[in-house]
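Below is one structure, written out as structure tokens, with a few remarks after it.
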Protein chains: 2
Amino acid sequence: MTGPSSFHFADALVLRVRELGHPLCVGLDPHLDAIPALFRRGSMEPAAPETAAAVEEFLTAVIDRLEGRCAVVKPQIAFYEQLGAAGLAVLERAIARARERGLLVLLDAKRGDIGSTAEAYARAYLEPTSPARSDAITLNAYLGLDTLEPFAARARSFGAGLFVLARTSNAGAGDLQDLQVGDIPLFVRVARALAPLQQELVGKETGWSSLGVVFGATWPEQAEAVRAELPNALILVPGYGAQGATATDAVRSFTRGPAGLEGGIVNSSRGILFPARADTEDAATWERALEAALSRAITELAEATR
Amino acid sequence: MTGPSSFHFADALVLRVRELGHPLCVGLDPHLDAIPALFRRGSMEPAAPETAAAVEEFLTAVIDRLEGRCAVVKPQIAFYEQLGAAGLAVLERAIARARERGLLVLLDAKRGDIGSTAEAYARAYLEPTSPARSDAITLNAYLGLDTLEPFAARARSFGAGLFVLARTSNAGAGDLQDLQVGDIPLFVRVARALAPLQQELVGKETGWSSLGVVFGATWPEQAEAVRAELPNALILVPGYGAQGATATDAVRSFTRGPAGLEGGIVNSSRGILFPARADTEDAATWERALEAALSRAITELAEATR
């Protein structure tokens, strides 16, 4: 690792969100069974060699149309891993293309491991020479706060952003996350434990921290509890659109900044990548469907954060 | 997915452990700064193209020498991910070679995610056509029990083994895992919640379940608490050797079977891959060092489980 860089994820993200007027993050999750007809090739089985090529062509078309429209994209690495090494190569090129297009890249990897293994993950994704070099990553802290340290080191050296899982929006999320520990639920305890790192990683320009948390939009009341513990943390809200939360729910934890409500990003994956009428062989029809879905999400989130 | 297969991870593993007389699992964790001189090429920086080739040559030599000596190997995927797509290709070939050599493969990935993402991870590693097709995988259940379901489906269809994180051996492990939930620690609560799946995945031949847990050897007393919750679960003990636990500590949760103490596997990574005197350019010296480390671990574990 080299010395401190001038890049700071939270500052870069929030300044861009203010400029664009909305906190939309587009999830780059290539569900194989939903790739539009325009891009599909052959069986679309994960092991078929033409599948990775189809996924790449689709992603390239999407990324090129996101330039100048949103601050950040979030590839979910599982959808690339299911294609094996060929899928990882697609991910590497998609990330590079997104960064060339001026988009910040938040890799949704939810990694969590100890010691030298966590160090290897941090080297894999958060260094300037990493093959799938991303601006930020999602992490799982179940193994302990020490497991975040290799990632925090990249936040210090390269300005990387870290989003630690707090409360998710799936049906079983409460199995562990909501368990009462003393007088608070476990997810609030996780948030409280992150407060010192949050403070350390606050950006000079915006006051927002490159230590963020993942918090599902379907539980807006609980978002306020997390915000109380972490006043400067960006919140990644994954449950907007296909997962059922409204734009207003999604920004419940946001606070007022110079250009409106701010303090997080709201992800939509399927709602934008696979909208109604986008499964077509006609390029112009596909482009109109993507554009309509993108514009609707942008408008809703711009209004909700006004 | 197709119909039920005759393969059952726990049955296959335990029968092989009984045959060999020890529960050693060898961790295939290619630490770049520890690859012996015999195999090193160039700078060994992750991004250097010859690094993946050096790692592959080293792994091939190790795997070939493990044939007939241990039941299972455990590649830690982070060490491959840090090499990017080229590293995943090395992992795919290393896994295939290990399986050809009659070794079971437990992929240490600690994945944990929701819905279609968990489904994509299960497709990536646990299906017959998966590019890095493994016999078992490690999982993180912080996001809830529903997130295990896609993996449980592969346990039912293909006999896959699942090892869910309970209590790890790192310094910060207690930050979340030891928190008291009612009158028990969180890790015991996790174990208790896994009991129904454990019961469902019990093998006909040995009575051991393909639902296992990860439990660090440095906390042997707590292992008994987990064993009480999960009498049929295999326990993956990662802390033996370099992490400081003795062979006797490592098998504390084992119970008596027809050929000695059984009910888990004990992993050693650095202790076998990178023993003293193995960093040499001389092939015969390297082979002797590996063999000595392997024999010592086998002897210790055979004695501890007698």
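The values are calculated or read from the model by the stated rules, or taken from the named source; none is laboratory data. Not measured: the values here are computed from a predicted model. Note that each Cβ is placed from the backbone with ideal geometry, even for glycine, and that neighbours are counted across all protein chains shown.
General remarks:
- Subset of the stretch B:60-96 that is among the charged types (D, E, K, R) and more than 14 Å from chain A (Cβ to nearest Cβ) - its residue that is surrounded by the fewest Cβ atoms within 10 Å (Cβ to Cβ): B:64
- Test result for residue A:227, basic (Lys, Arg) and under 25 Å from residue A:27 (Cα atoms): yes
- Screening the stretch B:97-183 for helices (runs of 4 or more DSSP H) wholly inside it with 1 or more residues that are more than 11 Å from every other protein chain (Cβ to nearest Cβ) and among the basic types (Lys, Arg) returns the ranges B:149-158.
- Any hit, the stretch B:233-252, residues being at pLDDT 95 or above and polar (S, T, N, Q): no
- Residue in the stretch B:237-259 that is under 25 Å from residue B:156 (Cα atoms) and among the polar types (S, T, N, Q) present: no
- Taking the listed residues A:212, A:161, A:216, A:174, the one that is on the phi < 0 side of the Ramachandran plot and free of Cβ contacts under 8 Å to residues at least 24 places away in the same chain is A:174, with no other qualifying.
- Residue A:199 falls short on exactly one of the conditions (1) over 18 Å from the mean Cα position of the chain (by Cα); (2) within 25 Å of residue A:269 (Cβ to Cβ); (3) modelled with pLDDT of 95 or more, and that condition is (2).
- Taking each residue of the stretch B:269-291 that is on the phi > 0 side of the Ramachandran plot and looking for partners that are among the aliphatic types (A, V, I, L, M) and part of a helix (DSSP H, G or I) with beta-carbon atoms closer than 8 Å, six or more apart or interchain, yields B:277/B:289.
- Residues of the stretch B:8-43 classified as within 12 Å of another protein chain (Cβ to nearest Cβ) and surrounded by fewer than 22 Cβ atoms within 10 Å (Cβ to Cβ), total: 5
- Scanning the stretch B:275-298 for residues that are in contact with a Pro (Cβ under 8 Å, 6 or more places away or on another chain) and under 27 Å from residue B:21 (Cα atoms) turns up B:278, B:286, B:289, B:290, B:292, B:293.
- Filter result (touching a residue at least 60 places away in the same chain (Cβ under 8 Å), more than 14 Å from residue B:241 (Cα to Cα) and not small (Gly, Ala, Ser)) within the stretch B:292-306: B:305
- Residues of the stretch B:225-269 that turn out to be closer than 18 Å to residue B:205 by Cβ and small (Gly, Ala, Ser), as a count: 6
- Scanning the stretch B:193-210 for residues that are in a helix (DSSP H, G or I) and of a type in the set (D, E, K, R) yields a single hit, B:200.
- Set side by side, the residues A:161, A:216, A:257, A:241 differ, and just one is farther than 30 Å from residue A:127 by Cβ, of a type in the set (Gly, Ala, Ser) and surrounded by 17 or more Cβ atoms within 10 Å (Cβ to Cβ), which is A:241.
- Selection within the stretch B:70-93 - under 13 Å from the mean Cα position of the chain (by Cα) and of a type in the set (A, V, I, L, M): B:71, B:72, B:73, B:77
Here's the yes/no breakdown for (1) closer than 11 Å to residue B:28 by Cβ; (2) among the polar types (S, T, N, Q):
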| position | (1), (2) |
| --- | --- |
| B:61 | no, no |
| B:75 | yes, no |
| B:109 | no, no |
| B:116 | no, yes |
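- Within the stretch A:191-228, the set of residues being within 14 Å of another protein chain (Cβ to nearest Cβ) and aromatic (Phe, Trp, Tyr) comprises A:215, A:219.
- Residue match in the stretch B:116-125 (condition: more than 21 Å from residue A:32 (Cα to Cα) and without any contact (Cβ under 8 Å) to a residue 60 or more places away in the chain): no
- Qualifying residue in the stretch A:119-137 (condition: in contact with a strand residue (DSSP E or B) (Cβ under 6 Å, 6 or more places away or on another chain), crowded, with 22+ Cβ neighbours inside 10 Å and closer than 22 Å to residue B:164 by Cα): yes
- Every residue from the stretch B:280-306 that is farther than 29 Å from residue B:230 by Cα and surrounded by fewer than 17 Cβ atoms within 10 Å (Cβ to Cβ): B:280, B:281, B:282, B:283, B:284, B:285, B:287, B:288, B:291, B:292, B:295, B:296
- Residue check for residue B:144: modelled with pLDDT under 95 and either among the small types (Gly, Ala, Ser) or buried (at least 23 other Cβ atoms within 10 Å of the Cβ) (or both): no
- Residue check, residue A:113 under 23 Å from residue B:45 (Cα atoms) and either of a type in the set (A, V, I, L, M, F, W, C) or crowded, with 22+ Cβ neighbours inside 10 Å (or both): yes
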